[in-house]
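First the structure, in the form of structure tokens, and then the observations on it.
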Amino acid sequence: MGQSAEIAAAADRLAKAERVAVLTGAGISAESGVPTFRGPGGLWENHRPEELATPQAFAADPELIWRWYHWRRGLIADCRPGPAHLALARLEQRTADFTLITQNVDGLHAAAGSRRLLEIHGSIWQVRCQACGRQYRETSLELPTLPACRQCGGLLRPAVVWFGESLDPELLRRALAAARACQVMLVVGTSAVVQPAAGLAMVAKEAGAVVIEINLEPTPHSGQVDLSLRGRAGRLLPAVVDGP
Ligand code: BV8
Ligand code: ZN
């Protein structure tokens, strides 16, 4: 089937669906200027994920890890939602039962107007105190290298989920429920290597949903999904959401 027929088939499935779930990864923010993790020029290029995004790395060298996050916050602060983020906000508006599950911590889905949103890996704009456990929104780009809790002065950390850390059980429960209940799941811009996020697509598949992948490249999901659309999310998502 040529791609225009695939896009039409995907758009038709979405138009008819009352229950839709979406799983997004770093690829949906790439065109907004947010570097991906594993692609060329990605965040991990000169580091391995385990070196930076782990509690052990933070305990060993909080300054190194905070410098990485301050750099990412500064970069993301200049990024705006793109056509792909905005298309998902439109899709939410017209879909009775909609859940957007994102692995991204950049906040661009919320900025695009998405509301039924599960940020299962947390947010780079939230901090949590290592001493008193308070968690709050902190968007300043002028924080000291080692930011202190405004309540107790304890050391803050980014309120994101690191490797080896469990996801928020309530968020994971809601994500699993959405994957099981949906008629259509869109999987956009993820390399499908990080668990348990990537597994949500197969949960939807096994529960009988039509799973549609949008990615520049093939992924471990590509052979298992119903439709795998190759190309930029910024081009394909509006076409699939608004009709070709
Ligand atoms: C857990 C937040 C239970 C931080 C992230 C061995 C040891 C320890 C753990 C494990 C292990 N083996 C497996 C595990 C489990 C581990 C895991 O999955 N590891 C992987 C690497 C194998 N998972 C965990 O640890 C999770 N917790 O399992 O708890 C537990 C408890 C104790 C011990 C063990 C298990 C927690 C995982 C969360 C980690 N946190 N981020 C931060 O961001 O700073 S993960 C990080 O990767 C981001 O969240 C990111 O979103 C996520 C996934 O990456 P992608 O989003 O897919 O991005 P990527 O760059 O990889 O791909 C981009 C894609 O977009 C590409 O396919 C590209 O082609 C495409 N693309 C690019 N441009 C475009 C595009 N597509 C369309 N259009 C474009 N324009
Ligand atoms: Zn505190």
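The values are calculated or read from the model by the stated rules, or taken from the named source; none is laboratory data. Note that the coordinates shown come from a computational prediction; the quantities given were computed from them, not determined experimentally. Virtual Cβ from ideal backbone geometry, glycine too; neighbours counted across all protein chains shown. For accessibility, only protein heavy atoms count, side chains too; no ligands or nucleic acids. Shrake-Rupley method; radii C 1.70, N 1.55, O 1.52, S 1.80 Å.
Conditions tested, residue by residue: (1) touching a Gly at 6+ places or on another chain (Cβ under 8 Å); (2) under 17 Å from A30 (Cα atoms).
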| position | (1), (2) |
| --- | --- |
| S191 | yes, yes |
| A197 | yes, no |
| A204 | no, no |
| P218 | no, yes |
| H221 | no, no |
| D226 | no, no |
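Give the residue that is nearest to ligand 1 (Cβ to nearest atom), with candidates limited to residues of the range 105-115 that are assigned to a loop (DSSP other than H, G, I, E, B) and more than 17 Å from A197 (Cα to Cα). Full working, then the answer.
Taking the range 105-115 as the starting set, the residues that turn out to be assigned to a loop (DSSP other than H, G, I, E, B) are 105-107, 112-115.
From what is left, the residues that are more than 17 Å from A197 (Cα to Cα) are 107, 112-115.
Details: G107: 12, A112: 15, G113: 20, S114: 16, R115: 20 Å.
Of everything passing the filter in the range 105-115, G107 is nearest to ligand 1 (Cβ to nearest atom).
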> Among the residues of the range 107-125, which ones are open to solvent by 30 Å² or more (accessible area, probe 1.4 Å) and more than 12 Å from the chain's Cα centre (by Cα)?
Replying inline: A111, R115, R116
> Which residues, taken from the range 204-218, are away from ligand 1 (no atom under 15 Å from the Cβ) and either open to solvent by 40 Å² or more (accessible area, probe 1.4 Å) or at pLDDT below 95 (or both)?
Replying inline: K205, E206, A207, G208
>> If a residue must be farther than 25 Å from R115 by Cα and buried (at least 17 other Cβ atoms within 10 Å of the Cβ), how many such residues does the range 70-84 contain?
In response: 1
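Just checking, how many residues over the range 38-64 are open to solvent by 50 Å² or more (accessible area, probe 1.4 Å), modelled with pLDDT of 80 or more and part of a loop (DSSP other than H, G, I, E, B)? Show your work before the answer.
Residues of the range 38-64 open to solvent by 50 Å² or more (accessible area, probe 1.4 Å): 38, 40-41, 45-48, 50-51, 56, 59-61, 63-64.
Add one more test, that the residue is modelled with pLDDT of 80 or more, and what stays is 56, 59-61, 63-64.
Going one step further and asking which of them are part of a loop (DSSP other than H, G, I, E, B), we end up with 61.
Here the count works out to 1.
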> Is there a residue being at pLDDT 95 or above and of a type in the set (F, W, Y) anywhere in the range 70-79?
Replying inline: no
>> When the residues of the range 85-104 are narrowed to those that are open to solvent by less than 20 Å² (accessible area, probe 1.4 Å) and assigned to a loop (DSSP other than H, G, I, E, B), which ends up nearest to D168 (Cα to Cα)?
In response: N104
> If we keep just the residues of the range 121-176 that are part of a strand (DSSP E or B) and farther than 26 Å from L100 by Cβ, which is farthest from ligand 1 (Cβ to nearest atom)?
Replying inline: A148
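For G223, are the conditions met, namely being closer than 24 Å to A17 by Cα, more than 16 Å from ligand 2 (Cβ to nearest atom), open to solvent by 30 Å² or more (accessible area, probe 1.4 Å) and not polar (S, T, N, Q)?
Values: closer than 24 Å to A17 by Cα: yes; more than 16 Å from ligand 2 (Cβ to nearest atom): yes; open to solvent by 30 Å² or more (accessible area, probe 1.4 Å): yes; not polar (S, T, N, Q): yes.
Against the criterion (closer than 24 Å to A17 by Cα, more than 16 Å from ligand 2 (Cβ to nearest atom), open to solvent by 30 Å² or more (accessible area, probe 1.4 Å) and not polar (S, T, N, Q)), G223 qualifies.
Take the residues in the range 140-163 that are within 9 Å of ligand 2 (Cβ to nearest atom) and surrounded by 18 or more Cβ atoms within 10 Å (Cβ to Cβ); name whichever of them is nearest to A77 (Cα to Cα).
Once the filter is applied, the top-ranked residue is L156.
Which ranges mark the strands (runs of 3 or more DSSP E) fully within the range 182-244 that have 2 or more residues being within 14 Å of the chain's Cα centre (by Cα)?
Numbers: elements: 184-188, 210-215, 227-230.
Strands (runs of 3 or more DSSP E) meeting the threshold: 184-188, 210-215.
Table: residues versus (1) open to solvent by less than 70 Å² (accessible area, probe 1.4 Å); (2) touching a residue at least 12 places away in the same chain (Cβ under 8 Å); (3) more than 16 Å from ligand 2 (Cβ to nearest atom).
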{"residue": "V127", "(1), (2), (3)": "yes, yes, no"}
{"residue": "E138", "(1), (2), (3)": "yes, yes, no"}
{"residue": "E165", "(1), (2), (3)": "yes, yes, yes"}
{"residue": "P169", "(1), (2), (3)": "no, no, yes"}
{"residue": "Q195", "(1), (2), (3)": "no, no, yes"}
{"residue": "M202", "(1), (2), (3)": "yes, yes, yes"}
